[in-house]
Amino acid sequence: MAELPEHLLRRSAEAKAKALGISVEEAMAQLKGEAPPTPAPTPAAAAPEPEAQSAAVATAAPEAAPETNGHAPVVGDPTKATSVRPVAPAVGGPEGVRTQRLLTVVKAKAIQQTKAEPQDKVNTWPHLMIVEFASLLAVTGVLIILSIILQAPLLEAANFNATPNPSKAPWYFLGLQELLSYFDPQIAGVSIPTIVGLLGFMAIPYVDKNPSNKPSDRKVAIFMYTFFLMGSAVLTIIGVLFRGPGFNFTYPWNDGIFFDDLKDWVPIGLGDGH
């Protein structure tokens, strides 16, 4: 204990004195392993005054009777007996030490206000549902306007003896039909859709495990989605605008458009397809 610095030893003694209700000197002596210092006489234990000494001598006479009910024995004339109150013990601890009472013990969790960290979340209703309902109304309105402007009547029944040239699939299948012009049907119709369309999309959550919702943190997911979207869009645009009779490559500004859904409302080209 002697190896500790004096200021640290002093702080430890003050803490121990406050906890035990003793003086700092006594706590210091206990920490150093020394004998506790002799406390200074309190005012209650001070030397009595001369008058009190004479009364004490009178009460200590051999003829004195035993004390009763806290009164001094009677000496001489009973009418002149002197009554001395007993000295009350000192109340409280040493000077400079304030004693306290422990009323109750309160757990720390009961007085702390635990607040969750703020999160970027909103309720489904009304925040999300209102936006989705407004988007639904907007898309419905656009479809109604397009159905009024564009003429799309039902044509005659298909004649298998008169196949149109070029014979194009609907726009959402033109990307796959464009692949068939580059690769073998086994590769373009089976391998690529299976590997890219099924296994590739199922593997995305295992490749990109980033839980963040910020676009700046999801570069891998954005790259994969952009690659698929741009590839599909390029193949579809080529099949719609740049494929003519025999599904050969043409320029729409020279040979026209060979796609029935665009002939009526896209005035481009002067060829046979216009």
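The values are calculated or read from the model by the stated rules, or taken from the named source; none is laboratory data. All values reported here derive from a predicted model rather than from experimental measurement. Heads up, the Cβs are rebuilt from the backbone with ideal geometry, glycines too, and the neighbour counts pull from every protein chain shown.
Looking only at region 5-29, residues that are in contact with a helix residue (DSSP H, G or I) (Cβ under 8 Å, 6 or more places away or on another chain) and more than 24 Å from Arg101 (Cα to Cα) come to 2 in all. Within region 21-48, the residues that satisfy the criterion of being modelled with pLDDT under 80, surrounded by 10 or more Cβ atoms within 10 Å (Cβ to Cβ) and part of a helix (DSSP H, G or I) are Gln30, Leu31, Lys32, Ala44, Ala45.
Does region 122-142 include one or more residues that are of a type outside the set (Asp, Glu) and under 30 Å from Pro245 (Cα atoms)? No: zero hits.
Taking region 163-186 as the range and being surrounded by 14 or more Cβ atoms within 10 Å (Cβ to Cβ) and not small (Gly, Ala, Ser) as the test, the residues that pass are Pro166, Lys168, Trp171, Leu174, Leu176, Gln177, Glu178, Leu179, Leu180. Listed by first and then second residue, the pairs linking a residue in region 153-179 that is in contact (Cβ under 8 Å) with a residue 24 or more places away in the chain to a residue that is loosely packed, with under 10 Cβ neighbours inside 10 Å, with Cβ atoms under 6 Å apart and 6 or more places separating them unless they lie on different chains, form an empty list.
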